[in-house]
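Report on the structure given below.
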Amino acid sequence: MEARNGKVLLKSAAVWLAIVPCAILNGALREGVLRPMLGESVALPVSGLLLMGIILLLSWLFIPRLGTQGHPIPAWRIGLLWFVLTVAFETGAGIAQGADLSALLHNYDMSHGNLWPLVVLFTGCAPRLAFWLRR
């Protein structure tokens, strides 16, 4: 049983790795196209919603292949893994770029239209939502 759980988490981490370049491309689209065209106050939430849609699509495509065995609990575990990986990656990338704690926390301030906190929460819920949509 433990070996199967480990395999599910490993495959889930691989799917999460597919989300990373999508998120990076989404950020490039936001900065290169959406921000100049729509302004920052609109580009940030549009970009956040677009990324959530991409995450849901990837979840929907891959949840049957991740070994949830028809039960929602593994989907919640996958979501928890994705949540932790997302926060760790975002924090690590920020630190690697020389950001201080206040700059990192600024990304979680939704008062400027940044939906990042919702994106992170949605990333954690997306596997379970995809599981539900598939049933």
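The values are calculated or read from the model by the stated rules, or taken from the named source; none is laboratory data. No experiment lies behind these values; they were computed from the predicted model shown. No Cβ is skipped: glycine too gets one built from the backbone with ideal geometry, and neighbour counts run over all protein chains shown. Please note that ligands, DNA and RNA were not included when accessible areas were found on the heavy atoms of the full protein model with its side chains. Shrake-Rupley method; radii C 1.70, N 1.55, O 1.52, S 1.80 Å.
Points to keep in mind about this one:
- Hits in the stretch 104-122 (condition: of a type in the set (A, V, I, L, M, F, W, C) and exposed (fewer than 12 other Cβ atoms within 10 Å of the Cβ)): LEU105
- If the condition is being open to solvent by 50 Å² or more (accessible area, probe 1.4 Å), closer than 13 Å to ALA13 by Cα, at pLDDT below 95 and hydrophobic (A, V, I, L, M, F, W, C), then the stretch 57-82 contributes only PHE62.
- Qualifying positions in the stretch 36-56 - of a type outside the set (Val, Ile, Thr), open to solvent by less than 70 Å² (accessible area, probe 1.4 Å) and either at pLDDT below 95 or more than 14 Å from the chain's Cα centre (by Cα) (or both): GLY39, ALA43, LEU44, PRO45
- Residue among ALA99, ALA75, ALA88, ALA103 that is part of a loop (DSSP other than H, G, I, E, B), hydrophobic (A, V, I, L, M, F, W, C) and either more than 18 Å from LEU25 (Cβ to Cβ) or in contact with a strand residue (DSSP E or B) (Cβ under 6 Å, 6 or more places away or on another chain) (or both): ALA99
- For the stretch 88-101, the criterion of being over 17 Å from the mean Cα position of the chain (by Cα) and among the hydroxyl-bearing types (Ser, Thr, Tyr) is met by none of the residues.
- Complete set of residues in the stretch 20-53 that are touching a residue at least 60 places away in the same chain (Cβ under 8 Å) and over 18 Å from ASN114 (Cβ atoms): VAL20
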